[in-house]
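Comments concern the structure below.
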Amino acid sequence: MTRTIAGVMIVAALALTARAVDRSDIGRAEARQAMNQSGLIGYQVAFQITQNPKSIAPATSDQLTIIFANRSVEAAAPPRPFFGDDIVQEFSFSGQDFVNDQLRFTRRVNDKSFLNARYIRVINHGTGGWGGDTISLSVDGQEILRNVRMAPRLGNPSKGFQNFNRRDWRLRSYWEAELSQLRGRYAK
């Protein structure tokens, strides 16, 4: 009988512990959600992009994308899959959002691992050539890149950023650089 009572007490204690753990997990999840909604979780990533008004293709209404990746796309054939597992992080913005040839936008991310990617790349999937000029990047106020010229362009450099898609691969024009080399200029 003593063993039965002890067994029941152990089961009851385990049940109470499980409920307490569930409640604390729910409480932590609610706290994380509230903090995330208030903008306190993660890291604030800010980009400042400029475009050259004197470029042959200064403005576009296309979606433009900044990609942090571990593999270059400077090859005769497009990668398979086109946007594969080598991509660490992507940030997109609209060419329509430029005011006086400048655009500043921010995003929140959960971690800063994208800063360890081998390459940074700026692309335009569409056909509306874009005259991207410089890119700046800060994370939680820490300057990572400052007014880095997006030059030389790769692919078909006589055009604005454009045609970064499988169909027009040979006509593409984009910018890509080794991120560690660019970051080295700003190491403290």
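The values are calculated or read from the model by the stated rules, or taken from the named source; none is laboratory data. Because the structure is a prediction, the values reported are computed rather than measured. Note that we place each Cβ from the backbone using ideal geometry, even for glycine, and neighbour counts take in every protein chain shown.
Of the residues VAL139, VAL148, which single one is within 21 Å of GLU90 (Cβ to Cβ) and in contact (Cβ under 8 Å) with a residue 60 or more places away in the chain?
On inspection, the qualifying residue turns out to be VAL139.
For region 45-60, which positions are in contact with a helix residue (DSSP H, G or I) (Cβ under 9 Å, 6 or more places away or on another chain) and either more than 20 Å from ASN156 (Cα to Cα) or crowded, with 20+ Cβ neighbours inside 10 Å (or both)?
VAL45, GLN51, THR60
How many of the residues making up region 43-66 are small (Gly, Ala, Ser) and modelled with pLDDT of 95 or more? Full working, then the answer.
Step one: of region 43-66, the residues small (Gly, Ala, Ser) are 46, 55, 57, 59, 61.
Filter again for modelled with pLDDT of 95 or more, leaving 46.
Number of matching residues: 1.
Just give me the residues in region 104-140 being touching a helix residue (DSSP H, G or I) at 6+ places or on another chain (Cβ under 9 Å), under 21 Å from LEU182 (Cα atoms) and of a type in the set (Gly, Ala, Ser), in sequence order.
ALA117
Only residues in region 76-90 that are under 16 Å from SER173 (Cα atoms) count as the first member; pair them with residues that are of a type in the set (A, V, I, L, M, F, W, C), Cβ under 8 angstrom, at least 6 apart or cross-chain, and list the lot.
Between residues of region 76-90 that are under 16 Å from SER173 (Cα atoms) and residues that are of a type in the set (A, V, I, L, M, F, W, C), the close pairs are ALA77/TRP169; PRO78/TRP169; PRO79/VAL73.
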